[in-house]
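What follows is a single structure, written as structure tokens, with notes after it.
Just so it is clear, none of the values below were taken in a lab; they were calculated from the coordinates. Because the structure is predicted, anything quoted here is derived from the model rather than measured. All Cβ positions, glycine included, derive from the backbone under ideal geometry; neighbour counts span all protein chains shown.
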């Protein structure tokens, strides 16, 4: 079967890596990217921009008419468009709500109206909020600690309601601290790993917020592309209409992460410690047994392998990292 695929937010870091994966399948006839380029970049799509299967449409998921137009004739939607970052949501909850709730609802309803049977969407480990249990199990979330977490919980709720009311099948993936090639260190809301690489490559000590003992399940982006792509040919009805942890299943403290990056770069300086960020959890580790059981998912890349691949990409693209 020829597949026509829509990727919202496909010019972003995760979306662009996913597009590179999806376009490789011989069954893929079209990979249509829908992005407003507010946080994404056409530079992220350079590797596939000349592929005859690729199509780019600039637009915004907050506009329902645009969502409806781009989803016509599509077999499956990968909804990656979102305004990320817990700190950004605390600074501007209204904008975060518009992008992540209104944009998601628009995309879900547009897909439903255009008889798109399957939608795969990005959720977040932030949904676990105040629940301090480790590892994180999909059925046990806590109270949200940020507006961003609220928007991701609402997206999951809409997916479940749509599956109950309409001919609508979904998979939601709770991403755990994704990193890898194309992830930008620019801006005040940049993620920690590209910031560590940028600062150390330039001979500067990065800032660690808090004491550095907080831990995360850092997940290489190719693992995320793989788990998303597993939905393409999955016909097992039990695996649909489910939320999954999308992670590595490996816990790493910020201090340990610092030393892993420093060893790769060859940096011998010490970190600078700053205040703890509000709205962020202390520890995070995913239980990925559900994804293993229902999707056959196995994280191919450990954090060490992922960091090596990321560093290699940054070395080849230093203008991206240092501009």
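Projected area of the range 29-89, taken from the Cα convex hull and averaged over every viewing direction, in nm²?
On the way: hull surface 19.9 nm².
The number I arrive at for the range 29-89 is 5.0 nm².
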For the range 23-175, averaging the sequence separation of alpha carbon pairs under 8 Å that lie six or more residues apart and dividing by its residue count, the contact order in percent is 22 percent
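For residue 117 and residue 283, compute 0.36 nm times the residue count separating them, minus their Cα-Cα distance, and round to one decimal in nm.
Numbers: separation 166, 0.36 × 166 = 59.76 nm, distance 3.63 nm.
So the extension gain works out to 56.1 nm.
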Please sort 108-114, 7-13 by packing, taking for each peptide the average over its residues of neighbouring beta carbons within 10 angstrom, highest first. 7-13, 108-114
Nearest 10 degrees, 0 to 90: helix 147-165 Cα axis against the chain principal axis: 20 degrees
Please give the peptides 271-277, 244-250 ranked by average Cβ packing (other Cβ atoms within 10 Å per residue), highest first, as a rough proxy for protection. 244-250, 271-277
Please determine, in degrees from 0 to 90 and to the nearest 10, the orientation of helix 192-201 with respect to the longest principal axis defined by the Cα atoms of the chain, where the helix direction is its Cα long axis. 50 degrees
Using Cα-Cα distances under 8 Å and only pairs 6 or more residues apart, what relative contact order does the chain have, in percent? 17 percent
Report Rg/Rh for the chain, rounded to two decimals, where Rg is the Cα radius of gyration and Rh the Kirkwood radius. 0.95
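For residue 164 and residue 255, FRET efficiency with R0 = 30 Å and r from the beta-carbon atoms, rounded to 0.05? Present the calculation step by step, with values, prior to reporting the outcome.
On the way: r = 45 Å, r/R0 = 1.49.
Taking R0 as 30 Å, the efficiency between residue 255 and residue 164 is 0.10.
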Classify the range 85-152 as rounded, prolate or oblate, taking a ≥ b ≥ c as the square roots of the eigenvalues of its Cα gyration tensor: rounded when a/c is under 1.5, otherwise prolate if a/b is larger than b/c and oblate if not. oblate
Cα-based Debye curve of the range 10-119 sampled at q = 0.11, 0.12, 0.22 Å⁻¹ gives log₁₀ I(q)/I(0) of -0.34, -0.41, -1.25
Once the Cβ-Cβ distance between residue 205 and residue 102 is put in as r, and R0 is 51 Å, what FRET efficiency do you end up with, to the nearest 0.05? 0.80
Compute the projected area of the convex hull of the Cα atoms of the range 137-203, averaged over all viewing directions, and report it in nm² to one decimal place. 6.9 nm²
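Below 8 Å, C-alpha to C-alpha, sequence gap of six or more: please give me the relative contact order for the range 113-245 in percent.
Details: 154 pairs, mean separation 41.8, N = 133.
Once divided by the residue count of the range 113-245, the mean separation gives 31 percent.
Give the calculated FRET efficiency between residue 322 and residue 2 to the nearest 0.05, with a Förster radius of 35 Å applied to their Cβ-Cβ distance. Please list the in-between numbers first.
On the way: r = 42 Å, r/R0 = 1.19.
That gives a FRET efficiency of 0.25.
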Across the Cα atoms of the range 232-323, what radius of gyration and what greatest pairwise Cα-Cα distance (Dmax) are found, in Å? 17.7, 52
To test your reading of the geometry: what angle, between 0 and 90 degrees and rounded to tens, separates the Cα axis of helix 103-113 from the longest principal axis of the chain? 20 degrees
